[in-house]
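Here the structure comes first, spelled out in structure tokens, and everything after it is commentary.
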């Protein structure tokens, strides 16, 4: 698939840490294409077979103000809640510090179609998608 996303940005996505914030020791980090036993376990406990990791920050990787980003993220949280889905807070982090971390949501039990819809609604280049195997994959949206 050909993508409109800059290859350097894709490289950052590939190496990033996708941290799910639990309580204390329940935090865990996901990496693209690598099994994540804590994610798989969480999905089993929640009785879901899918999850996505999505943000509303900085659409198309164009910097927005803190206020704009916070408002967009609040709308994303509201959208997910109105879909009747549960989520955990998270953050996407570049381990080299080239890009600032962005708040994200790990949405449990979301369909592939709804994942694409949310990502596109909030102007994201890509989101993480996982099925029951707990192996996050990068889902390109542009």
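The values are calculated or read from the model by the stated rules, or taken from the named source; none is laboratory data. Since the model is a prediction, treat every value here as computed from it, not as a measurement. Neighbour counts run over all protein chains shown; Cβ positions are idealised from the backbone, glycine included.
Of all residues in the range 61-70, which are part of a helix (DSSP H, G or I) and surrounded by 13 or more Cβ atoms within 10 Å (Cβ to Cβ)?
61, 68, 69, 70
Of everything in the range 6-31 that's touching a strand residue (DSSP E or B) at 6+ places or on another chain (Cβ under 9 Å), part of a loop (DSSP other than H, G, I, E, B) and surrounded by fewer than 17 Cβ atoms within 10 Å (Cβ to Cβ), which residue is modelled with the lowest pLDDT?
Going through the qualifying residues, I end up with 22.
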